[in-house]
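Peer 1: I have a structure I would like to understand better, so I am pasting it below and will then ask my questions one at a time.
The values are calculated or read from the model by the stated rules, or taken from the named source; none is laboratory data. As the structure is a prediction and not an experimental result, all values here were calculated from the model. With ideal geometry, Cβ positions are generated from the backbone for all residues, glycine too; neighbour counts draw on all protein chains shown.
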Amino acid sequence: MASNRKQQGAVLIMSMVFLLIMTMLGVSAFNSTTMEEKMSANMRDRMVALQAAEVALEAGQEYMDSISAVSNFGDGSNGLYSTNDEVWQTLDWDDFGEDADDDPNPPVVKVTGVLSEVAAPPMYIIEMGNEIDSEEETLNLSGGYGDDVGGGGATVFKLTAYGTGSSANSRAILQATYGKQL
């Protein structure tokens with residue numbers, strides 16, 4: 001009988017240790033799952049920001065396709081700058097988001113009504129650069145490889161597009177260089 005009394009507490013202690021190990025494994029699995037959910041939400045938010053920037057870039061390219069003169073380019077009160085001074089780096093893009101609708105002439109072009117799940121509408125600016133003159137009077141800007149599309153010069157533009165995700169903390173900026181004969 002004496003040996004039975006010594007072993008009665010051993011099962012309880014082993015059960016408690018086993019329960020403690022299982023609890024630690026459960027908490028660890030819960031933390032891992034929570035972290036993975038946050039990572040996937042951040043990745044989705046980044047993709048939404050990239051899509052918003054792509055929408056703005058496409059809208060800017062459509063605008064560039066439609067112009068035939070540079071008379072609208074000036075101080076940037078309409079998002080069109082006559083300088084190539086890397087203006088896009090000096091802009092505080094967050095100031096022109098959803099809450100800044102009271103400014104009648106924002107220095108960016110907003111693309112509205114295309115994405116509903118973004119924190120701010122996609123935006124773009126266009127900076128006019130230098131004119132490129134062709135010595136041989138031929139430029140290959142819009143034709144296929146080896147095609148001559150005519151003489152004269154082309155003006156270079158830098159198109160910068162900005163998009164946010166579903167939170168304003170997630171941002172994407174895309175740029176394209178655009179050459180156009182005017």
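Peer 1: Can you name the residue in segment 61-84 that is closer than 19 Å to VAL111 by Cβ and aliphatic (A, V, I, L, M) and is also farthest from the chain's Cα centre (by Cα) among such residues?
Peer 2: Per the criteria, the residue is ILE67.
Peer 1: Could you tell me which numbered condition THR83 fails, if it satisfies all but one of (1) outside any helix (DSSP H, G or I); (2) exposed (fewer than 13 other Cβ atoms within 10 Å of the Cβ); (3) at pLDDT 80 or above?
Peer 2: The one condition THR83 does not meet is (2).
Peer 1: Return a yes/no flag: does segment 97-116 have any residue that is within 25 Å of the chain's Cα centre (by Cα), in a strand (DSSP E or B), modelled with pLDDT of 80 or more and closer than 29 Å to ASP45 by Cα.
Peer 2: There is at least one residue in segment 97-116 that is within 25 Å of the chain's Cα centre (by Cα), in a strand (DSSP E or B), modelled with pLDDT of 80 or more and closer than 29 Å to ASP45 by Cα.
Peer 1: Sort through LEU50, LEU20 and tell me the only one that's in contact with a strand residue (DSSP E or B) (Cβ under 9 Å, 6 or more places away or on another chain), assigned to a helix (DSSP H, G or I), farther than 16 Å from VAL108 by Cβ and not β-branched (Val, Ile, Thr).
Peer 2: LEU50
Peer 1: In addition: Do we find a residue being small (Gly, Ala, Ser) and either touching a Lys or Arg at 6+ places or on another chain (Cβ under 7 Å) or loosely packed, with under 10 Cβ neighbours inside 10 Å (or both) anywhere in segment 45-57?
Peer 2: Among the residues of segment 45-57, at least one is small (Gly, Ala, Ser) and either touching a Lys or Arg at 6+ places or on another chain (Cβ under 7 Å) or loosely packed, with under 10 Cβ neighbours inside 10 Å (or both), which makes the answer yes.
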